[in-house]
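Engineer: One structure follows; several queries about it will come next.
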Amino acid sequence: MTALSDLNGELKTCKFVASWLVWVELADRDDERVRQAVTNAIGLEYGPYEGVAFESGAGVQFFRPKKGSKLGDTAETVEMPARVLTFTVAGDTANLARAIEAVRHAHSYEEPVIMVQQVWASRADFSEDRENPNRWWNRGFEV
């Protein structure tokens with residue numbers, strides 16, 4: 001398999017940078033607050049953009065509280081409407097830690113579901129690609 005550093009040397013329109021992919025399960029009441037908290041903490045930058053995140057459509061989260069939880073031990077499984085917020089964090093673990101702490105501070109759950117994975121994320125290099133006829137600005141589209 002080719003190393004990403006080798007691939008970056010062959011690419012003309014982008015490169016890949018080491019990043020963290022963060023997945024957070026959210027109740028509807030949390031989505032805007034959590035996303036804004038992370039944006040305030042680290043900017044959620046992706047190339048020349050900020051506030052970049054993805055939120056899935058509604059799904060269902062299942063859980064059963066155990067002894068030691070705020071709800072205590074219950075026999076019933078709870079079904080709660082939920083969404084998934086994903087975003088990438090480039091840079092060191094200190095930047096990632098600020099993002100995670102922002103999620104935990106703004107989230108309403110006692111035990112938020114947060115998953116982190118090391119990934120490679122693309123970053124555009126428009127020095128050779130600005131005139132590409134498929135780009136929105138060359139097709140007359142509005143954002």
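Only the coordinates and a few stated rules stand behind these numbers; no lab work does. Keep in mind that this is a model prediction, so the values were computed, not measured. We place every Cβ from the backbone using ideal geometry, glycine too, and count neighbours over all the protein chains shown.
Engineer: Within the set of other residues whose C-beta is less than 11 Å from the C-beta of Ala90, count the net charge using Lys and Arg as +1 and Asp and Glu as -1.
Structural biologist: Charge balance near Ala90 sits at -1.
Engineer: If amide H atoms are built 1.01 Å from N in the plane of the peptide, which residues on other chains or at least 5 residues away come under 5 Å of the amide H of Ala82?
Structural biologist: Distant-sequence amide H within range of Ala82: Gly59, Val60, Gln61.
Engineer: With axes computed from alpha carbons, what is the tilt in degrees of helix 31-42 against the longest principal axis of the chain, rounded to the nearest 10 within 0 to 90?
Structural biologist: Here the helix axis deviates by roughly 60 degrees.
Engineer: Assuming 0.36 nm per residue, please report the length gained on full extension of the stretch Glu110 to Arg98 beyond their Cα-Cα distance. Intermediate values should be presented prior to the final figure.
Structural biologist: Numbers: separation 12, 0.36 × 12 = 4.32 nm, distance 1.86 nm.
Difference between extended and current length: 2.5 nm.
Engineer: Still on this structure, I have one more. Just to be sure I understand: with springs between alpha-carbon atoms less than 10 Å apart, which residue in Gly68, Gly91, Gly47 has the highest mean-square fluctuation in the Gaussian network model of the chain?
Structural biologist: Gly68
Engineer: Something else about it: Can you tell me the orientation of helix 93-106 relative to the chain, as the angle in degrees between its alpha-carbon axis and the longest Cα principal axis, to the nearest 10?
Structural biologist: Once rounded, the angle reads 40 degrees.
Engineer: State the label only: which of [x] 19.1, 61; [y] 16.3, 63; [z] 18.9, 75 corresponds to Rg and Dmax of the Cα atoms in Å computed from the shown model?
Structural biologist: The calculated read-out lines up with [x].
Engineer: Right, another one. Starting from the Cα of Lys15, draw a straight line to each of the aspartates and glutamates and keep only those under 16 Å, dropping any in the same chain fewer than 8 residues away.
Structural biologist: Asp6, Glu45, Asp125, Glu128, Asp129
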